Amino acid sequence: MEDSLTRPSSPAGLSCYMAVSQLLGLTVIAMTGAWMGQYRGGIAWESALQFNVHPLCMVIGMVFLQGDALLVYRVFRNETKRSVKILHGLLHAFALVIALVGVIAVFDYHRKKGFADMYSLHSWCGIAAFSLYFIQWLMGFSFFLFPGASFSLRSRYKPQHVFFGVFLLVLSIATCLLGIKELLLFSIQATYSSFVPEGILANVLGLLLIGFGLVIGYILTRDEWKRPPLAEELALSMDFKTLTKGESPSSSQ
(Lines give C-alpha, C1' and ligand atoms only; values in the text may rest on other atoms or scores of the structure.)
Protein backbone atom coordinates (compact mmCIF):
# COMPACT_ATOMS: atom_id res chain seq x y z
CA MET A 1 0.00 0.00 0.00
CA GLU A 2 2.79 2.40 0.92
CA ASP A 3 4.71 1.49 -2.25
CA SER A 4 1.70 2.33 -4.40
CA LEU A 5 1.41 5.70 -2.70
CA THR A 6 5.06 6.63 -3.15
CA ARG A 7 5.18 5.53 -6.79
CA PRO A 8 2.83 7.50 -9.02
CA SER A 9 1.11 5.38 -11.64
CA SER A 10 2.05 7.86 -14.34
CA PRO A 11 4.80 10.51 -14.18
CA ALA A 12 3.92 14.11 -14.96
CA GLY A 13 3.51 14.64 -18.67
CA LEU A 14 3.60 10.98 -19.71
CA SER A 15 -0.17 10.60 -19.99
CA CYS A 16 -0.39 13.69 -22.19
CA TYR A 17 2.28 12.47 -24.58
CA MET A 18 0.75 9.00 -24.63
CA ALA A 19 -2.60 10.49 -25.60
CA VAL A 20 -0.96 12.53 -28.37
CA SER A 21 0.79 9.42 -29.70
CA GLN A 22 -2.45 7.46 -29.84
CA LEU A 23 -4.31 10.34 -31.46
CA LEU A 24 -1.61 10.65 -34.11
CA GLY A 25 -1.49 6.89 -34.68
CA LEU A 26 -5.24 6.50 -35.09
CA THR A 27 -5.36 9.57 -37.34
CA VAL A 28 -2.66 8.06 -39.54
CA ILE A 29 -4.68 4.85 -39.89
CA ALA A 30 -7.88 6.77 -40.61
CA MET A 31 -6.19 8.96 -43.22
CA THR A 32 -4.62 5.94 -44.92
CA GLY A 33 -8.04 4.28 -45.08
CA ALA A 34 -9.62 7.50 -46.36
CA TRP A 35 -6.93 7.82 -49.04
CA MET A 36 -7.48 4.27 -50.24
CA GLY A 37 -11.26 4.61 -50.06
CA GLN A 38 -11.79 8.11 -51.42
CA TYR A 39 -9.11 8.32 -54.11
CA ARG A 40 -7.95 4.76 -54.83
CA GLY A 41 -11.36 3.07 -55.13
CA GLY A 42 -11.54 1.16 -51.84
CA ILE A 43 -10.11 -2.09 -50.52
CA ALA A 44 -10.77 -5.63 -51.71
CA TRP A 45 -8.75 -8.81 -52.10
CA GLU A 46 -9.95 -10.48 -55.28
CA SER A 47 -9.90 -7.45 -57.54
CA ALA A 48 -7.71 -4.64 -58.85
CA LEU A 49 -8.14 -3.03 -55.41
CA GLN A 50 -5.98 -5.70 -53.78
CA PHE A 51 -2.99 -3.38 -53.83
CA ASN A 52 -4.79 -1.00 -51.44
CA VAL A 53 -4.64 -3.66 -48.73
CA HIS A 54 -0.87 -3.18 -48.66
CA PRO A 55 -0.51 0.42 -47.43
CA LEU A 56 -3.27 0.07 -44.85
CA CYS A 57 -1.87 -3.13 -43.37
CA MET A 58 1.68 -1.82 -43.28
CA VAL A 59 0.65 1.38 -41.50
CA ILE A 60 -1.40 -0.56 -38.94
CA GLY A 61 1.21 -3.26 -38.34
CA MET A 62 4.66 -1.80 -38.95
CA VAL A 63 3.91 1.67 -37.59
CA PHE A 64 0.99 1.88 -35.17
CA LEU A 65 1.14 -1.53 -33.46
CA GLN A 66 4.93 -1.57 -33.49
CA GLY A 67 4.98 1.86 -31.87
CA ASP A 68 2.45 0.83 -29.25
CA ALA A 69 4.43 -2.32 -28.47
CA LEU A 70 7.44 -0.14 -27.67
CA LEU A 71 5.37 1.92 -25.24
CA VAL A 72 3.97 -0.85 -23.04
CA TYR A 73 6.90 -0.59 -20.62
CA ARG A 74 6.06 3.09 -20.11
CA VAL A 75 2.30 2.57 -19.72
CA PHE A 76 2.05 -0.54 -17.54
CA ARG A 77 4.27 0.51 -14.67
CA ASN A 78 2.79 -1.44 -11.76
CA GLU A 79 2.06 -4.77 -13.43
CA THR A 80 4.48 -7.68 -13.20
CA LYS A 81 7.33 -7.53 -15.68
CA ARG A 82 6.43 -10.90 -17.17
CA SER A 83 2.89 -9.71 -17.91
CA VAL A 84 4.28 -6.62 -19.64
CA LYS A 85 6.74 -8.78 -21.59
CA ILE A 86 3.92 -11.00 -22.83
CA LEU A 87 1.85 -8.00 -23.91
CA HIS A 88 4.94 -6.52 -25.62
CA GLY A 89 5.52 -9.76 -27.51
CA LEU A 90 1.84 -10.20 -28.45
CA LEU A 91 1.55 -6.70 -29.88
CA HIS A 92 4.65 -7.31 -32.00
CA ALA A 93 3.21 -10.66 -33.11
CA PHE A 94 -0.09 -9.02 -34.17
CA ALA A 95 1.91 -6.37 -36.01
CA LEU A 96 3.85 -9.06 -37.86
CA VAL A 97 0.71 -10.94 -38.88
CA ILE A 98 -1.01 -7.80 -40.19
CA ALA A 99 2.15 -6.70 -42.00
CA LEU A 100 2.48 -10.16 -43.54
CA VAL A 101 -1.01 -9.78 -45.01
CA GLY A 102 0.11 -6.49 -46.52
CA VAL A 103 3.26 -8.04 -47.99
CA ILE A 104 1.33 -10.96 -49.48
CA ALA A 105 -1.25 -8.55 -50.93
CA VAL A 106 1.28 -6.48 -52.87
CA PHE A 107 3.26 -9.47 -54.18
CA ASP A 108 0.06 -11.24 -55.24
CA TYR A 109 -1.20 -8.06 -56.93
CA HIS A 110 2.07 -7.68 -58.83
CA ARG A 111 1.92 -11.32 -59.91
CA LYS A 112 -1.62 -10.97 -61.24
CA LYS A 113 -0.80 -7.75 -63.10
CA GLY A 114 2.58 -8.91 -64.36
CA PHE A 115 4.44 -6.11 -62.56
CA ALA A 116 8.07 -6.41 -61.50
CA ASP A 117 8.93 -6.95 -57.84
CA MET A 118 11.68 -5.58 -55.63
CA TYR A 119 13.21 -2.94 -57.89
CA SER A 120 12.48 0.27 -55.97
CA LEU A 121 14.13 1.71 -52.86
CA HIS A 122 10.75 1.49 -51.13
CA SER A 123 10.54 -2.26 -51.74
CA TRP A 124 14.14 -2.85 -50.63
CA CYS A 125 13.64 -0.91 -47.41
CA GLY A 126 10.26 -2.54 -46.87
CA ILE A 127 11.44 -6.13 -47.18
CA ALA A 128 14.48 -5.31 -45.03
CA ALA A 129 12.25 -3.77 -42.32
CA PHE A 130 9.85 -6.73 -42.33
CA SER A 131 12.62 -9.36 -42.32
CA LEU A 132 14.57 -7.65 -39.55
CA TYR A 133 11.36 -7.16 -37.58
CA PHE A 134 10.66 -10.89 -37.75
CA ILE A 135 14.22 -11.69 -36.66
CA GLN A 136 13.95 -9.14 -33.85
CA TRP A 137 10.76 -10.81 -32.63
CA LEU A 138 12.33 -14.28 -32.71
CA MET A 139 15.38 -13.05 -30.84
CA GLY A 140 13.25 -11.25 -28.27
CA PHE A 141 11.11 -14.35 -27.71
CA SER A 142 14.19 -16.55 -27.36
CA PHE A 143 15.98 -14.28 -24.90
CA PHE A 144 13.18 -12.77 -22.82
CA LEU A 145 10.16 -15.08 -22.95
CA PHE A 146 11.68 -18.50 -23.50
CA PRO A 147 12.68 -19.84 -20.06
CA GLY A 148 16.03 -21.26 -21.17
CA ALA A 149 17.98 -17.99 -21.56
CA SER A 150 20.32 -17.09 -18.70
CA PHE A 151 20.11 -13.79 -16.84
CA SER A 152 23.61 -12.73 -17.92
CA LEU A 153 22.83 -13.48 -21.57
CA ARG A 154 19.62 -11.45 -21.37
CA SER A 155 21.49 -8.55 -19.81
CA ARG A 156 24.09 -8.52 -22.58
CA TYR A 157 21.52 -8.72 -25.36
CA LYS A 158 19.04 -6.18 -23.93
CA PRO A 159 20.82 -3.00 -25.23
CA GLN A 160 20.88 -4.42 -28.77
CA HIS A 161 17.22 -5.39 -28.52
CA VAL A 162 16.23 -1.89 -27.39
CA PHE A 163 18.34 -0.20 -30.09
CA PHE A 164 16.97 -2.31 -32.94
CA GLY A 165 13.42 -1.84 -31.66
CA VAL A 166 13.71 1.93 -32.10
CA PHE A 167 15.69 1.57 -35.34
CA LEU A 168 13.01 -0.65 -36.92
CA LEU A 169 10.26 1.83 -36.11
CA VAL A 170 12.30 4.61 -37.75
CA LEU A 171 13.00 2.38 -40.77
CA SER A 172 9.31 1.45 -41.06
CA ILE A 173 8.20 5.09 -41.03
CA ALA A 174 10.87 6.02 -43.58
CA THR A 175 9.70 3.16 -45.80
CA CYS A 176 6.11 4.41 -45.55
CA LEU A 177 7.24 7.86 -46.65
CA LEU A 178 9.01 6.33 -49.67
CA GLY A 179 5.85 4.36 -50.44
CA ILE A 180 3.66 7.46 -50.27
CA LYS A 181 5.90 9.27 -52.70
CA GLU A 182 6.07 6.27 -55.03
CA LEU A 183 2.30 5.80 -55.10
CA LEU A 184 1.72 9.49 -55.79
CA LEU A 185 4.16 9.47 -58.69
CA PHE A 186 2.54 6.36 -60.14
CA SER A 187 -1.04 7.58 -59.74
CA ILE A 188 -1.15 11.38 -60.06
CA GLN A 189 2.23 12.38 -61.46
CA ALA A 190 0.69 14.65 -64.10
CA THR A 191 -1.36 16.65 -61.56
CA TYR A 192 0.70 16.29 -58.37
CA SER A 193 2.34 19.70 -58.76
CA SER A 194 -1.09 21.34 -59.02
CA PHE A 195 -1.83 20.78 -55.31
CA VAL A 196 -4.64 18.33 -56.00
CA PRO A 197 -6.53 17.13 -52.88
CA GLU A 198 -5.11 13.60 -53.06
CA GLY A 199 -1.57 14.90 -53.06
CA ILE A 200 -2.24 17.24 -50.15
CA LEU A 201 -3.85 14.43 -48.13
CA ALA A 202 -0.90 12.13 -48.79
CA ASN A 203 1.61 14.83 -47.85
CA VAL A 204 -0.22 15.52 -44.59
CA LEU A 205 -0.26 11.78 -43.92
CA GLY A 206 3.50 11.75 -44.32
CA LEU A 207 3.92 14.59 -41.84
CA LEU A 208 1.67 12.83 -39.33
CA LEU A 209 3.75 9.67 -39.67
CA ILE A 210 6.84 11.69 -38.83
CA GLY A 211 5.00 13.27 -35.89
CA PHE A 212 3.98 9.85 -34.59
CA GLY A 213 7.58 8.68 -34.72
CA LEU A 214 8.84 11.81 -32.99
CA VAL A 215 6.39 11.50 -30.10
CA ILE A 216 7.18 7.79 -29.66
CA GLY A 217 10.90 8.57 -29.72
CA TYR A 218 10.50 11.36 -27.18
CA ILE A 219 8.60 9.11 -24.79
CA LEU A 220 11.18 6.34 -25.10
CA THR A 221 14.18 8.60 -24.51
CA ARG A 222 12.91 10.30 -21.33
CA ASP A 223 14.82 8.48 -18.59
CA GLU A 224 12.43 9.61 -15.88
CA TRP A 225 9.56 7.94 -17.74
CA LYS A 226 11.15 4.51 -17.77
CA ARG A 227 9.32 1.79 -15.90
CA PRO A 228 10.92 1.45 -12.46
CA PRO A 229 11.43 -2.15 -11.31
CA LEU A 230 9.08 -3.46 -8.65
CA ALA A 231 10.56 -4.41 -5.27
CA GLU A 232 10.31 -8.14 -5.99
CA GLU A 233 11.99 -7.63 -9.38
CA LEU A 234 14.92 -5.87 -7.73
CA ALA A 235 15.29 -8.67 -5.22
CA LEU A 236 15.14 -11.31 -7.94
CA SER A 237 17.65 -9.41 -10.04
CA MET A 238 20.10 -9.21 -7.13
CA ASP A 239 19.70 -12.93 -6.47
CA PHE A 240 20.38 -13.76 -10.13
CA LYS A 241 23.46 -11.55 -10.18
CA THR A 242 24.73 -13.13 -6.97
CA LEU A 243 24.21 -16.64 -8.34
CA THR A 244 26.03 -15.84 -11.57
CA LYS A 245 29.07 -14.92 -9.44
CA GLY A 246 28.96 -18.30 -7.76
CA GLU A 247 27.70 -17.07 -4.41
CA SER A 248 24.65 -17.83 -2.33
CA PRO A 249 21.77 -15.32 -2.60
CA SER A 250 21.89 -14.94 1.16
CA SER A 251 25.66 -14.67 1.54
CA SER A 252 25.64 -10.87 1.37
CA GLN A 253 23.22 -10.52 4.24
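The values are calculated or read from the model by the stated rules, or taken from the named source; none is laboratory data. Everything numeric in this text was worked out from a predicted model, so none of it was measured. FYI the Cβ positions are ideal-geometry reconstructions off the backbone, even for glycines, and counts take in every protein chain you see. Side chains included, ligands, DNA and RNA excluded: accessible areas come from the protein's heavy atoms. Shrake-Rupley method; radii C 1.70, N 1.55, O 1.52, S 1.80 Å.
Within the range 175-198, the set of residues being among the small types (Gly, Ala, Ser) and surrounded by 18 or more Cβ atoms within 10 Å (Cβ to Cβ) comprises 179 only. For residue 71, the conditions (1) in contact with a helix residue (DSSP H, G or I) (Cβ under 6 Å, 6 or more places away or on another chain); (2) in contact (Cβ under 8 Å) with a residue 60 or more places away in the chain; (3) crowded, with 19+ Cβ neighbours inside 10 Å all hold with the exception of (1). Looking only at residues of the range 76-108 that are in contact (Cβ under 8 Å) with a residue 60 or more places away in the chain and assigned to a helix (DSSP H, G or I), we find that the one that is most open to solvent (accessible area, probe 1.4 Å) is 81. When the range 54-83 is filtered for residues that are among the aliphatic types (A, V, I, L, M) and at pLDDT 95 or above, the ones remaining, listed by number, are 56, 58, 59, 60, 62, 63, 65, 69, 70, 71, 72.
Can you find a residue in the range 214-225 that is touching a Gly at 6+ places or on another chain (Cβ under 7 Å), in a helix (DSSP H, G or I) and open to solvent by less than 30 Å² (accessible area, probe 1.4 Å)? Yes, some residue in the range 214-225 is touching a Gly at 6+ places or on another chain (Cβ under 7 Å), in a helix (DSSP H, G or I) and open to solvent by less than 30 Å² (accessible area, probe 1.4 Å).
Filtering the range 8-22 for residues that are under 14 Å from the mean Cα position of the chain (by Cα) and either assigned to a helix (DSSP H, G or I) or free of Cβ contacts under 8 Å to residues at least 12 places away in the same chain (or both) leaves a non-empty set.
Listed by first and then second residue, the pairs linking a residue in the range 32-49 that is within 18 Å of residue 209 (Cβ to Cβ) to a residue that is at pLDDT 95 or above and surrounded by fewer than 13 Cβ atoms within 10 Å (Cβ to Cβ), with Cβ atoms under 8 Å apart and 6 or more places separating them unless they lie on different chains, are 36/42; 39/197. Flag set for residue 129, criterion: open to solvent by less than 60 Å² (accessible area, probe 1.4 Å), within 19 Å of residue 206 (Cα to Cα) and of a type in the set (A, V, I, L, M).
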